[in-house]
Amino acid sequence: MIHLNIGSNLNSNFGTRFDNITIAINILINSKLKILRISNFYETPSYPNQTHPKFLNVGILVNFDKNCNELIKKIKLIEKKMGRLKAKKNDPRIIDIDIIDFKGLLIDSGELILPHPKAHLRNFVLYPILEIDPKWSHPILKKNVQFLINSLSQKSRIEITRLKKNVNIEI
């Protein structure tokens, strides 16, 4: 299984943060990814600068017939098409697509580190995974997603909001 996380904290020419994420998922589908599950939207404060707009995130579970290098190329192209600018780390952005786990592979190639090096520390990654793949276990830590959520600080566990809104896509 392949876990992706898609986030947005800026409106764009495409519309709202919700629209940005929906459009990115549609482009992924048109790029020959098979979407298996999509989480609800989750909202969190921006880090480290909480004066920036809040982030929306979704987790998606996908199948992809090619390797992770092909997937990262597709992701970078989608981000570019949607107007993502490479600015300072943690700056607001229209779209951000991260590979969290690619079939349990362990990779550190400079351009790509798998599993995502901070996945186990991020509420906006873990809660969507719990929703769509509750049996997922971190490939390095060998801990399940519920254990990782329980390991987050209380602040991190309470500052995330699961919205009663889904991505408007038929899968």
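Observations on the model:
- Phi to ³J(HN,Hα) by Karplus 6.51 cos²θ - 1.76 cosθ + 1.60 over segment 89-97, Hz, x for Gly, Pro: 4, 6, 5, x, 8, 5, 8, 9, 10
- Each residue of segment 134-141 was assigned a 3J(HN,Hα) from its phi angle through the Karplus expression (A = 6.51, B = -1.76, C = 1.60, θ = phi - 60°), giving x, 9, 4, 10, 5, x, 9, 6 Hz with x at Gly and Pro.
- Residues of segment 46-65 with amide N under 15 Å of a point placed 7 Å along Cα→Cβ from T161: 46, 53-57
- The residue list P134, T161, L85 was ranked by how far each Cα lies along the charge dipole of segment 20-171 toward its positive end, using unit charges on Cβ atoms, and L85 comes out on top.
- Close amide-amide hydrogen proximity is noted between W136 and V145, each under 5 Å apart and 5 or more residues distant or on a separate chain (H modeled in the peptide plane; Pro and chain starts excluded).
- Tensor-based shape of segment 59-171 (alpha-carbon gyration tensor, a/c under 1.5 rounded, otherwise prolate or oblate): rounded
- Rounded to the nearest whole Hz, the Karplus-based 3J(HN,Hα) values (6.51 cos²θ - 1.76 cosθ + 1.60, θ = phi - 60°) of segment 155-160 follow the sequence 4, 5, 6, 9, 8, 9, with x at glycine and proline.
- Normalised contact order of the chain, rounded percent, pairs of Cα under 8 Å and 6 or more residues apart: 31 percent
- For segment 29-87, trypsin sites (Lys or Arg not before Pro) are listed when DSSP marks them as loop and at most 14 other Cβ atoms sit within 10 Å of their Cβ; the list is K32, K54, K66, K86.
- Gained length - E170 relative to N30, 0.36 nm times residue gap less alpha-carbon distance: 49.1 nm
- Pairwise centroid distance, computed over Cα atoms, of segment 1-51 with segment 111-161, Å: 17 Å
- Within segment 122-150: backbone nitrogen closer than 11 Å to the L106 label point (7 Å, Cα to C-beta): 139-142
- Across segment 22-123, the fraction of Cα-Cα pairs farther apart than 18 Å, rounded to a whole number, is 53%.
- Net charge contributed by nearby residues that have their C-beta within less than 12 Å of P45 (K/R +1, D/E -1): 0
- For a straight C-alpha distance cut-off of 17 angstrom, the aspartates and glutamates reachable from K165 (same-chain residues fewer than eight places away being disregarded) are D19, E43, E131.
- Around the amide H of I107, modelled in the peptide plane, lie the amide H atoms of L114, all under 5 Å away and 5 or more residues distant in sequence or on another chain.
- Entries of K80/K143; K66/K118; K76/K155; K54/K86 with Cα pairs more than 30 Å apart: K80/K143; K76/K155
Rule-based calculations on the coordinates, nothing more; no lab input. Computed from a predicted structure; not experimentally measured. Heads up, the Cβs are rebuilt from the backbone with ideal geometry, glycines too, and the neighbour counts pull from every protein chain shown.
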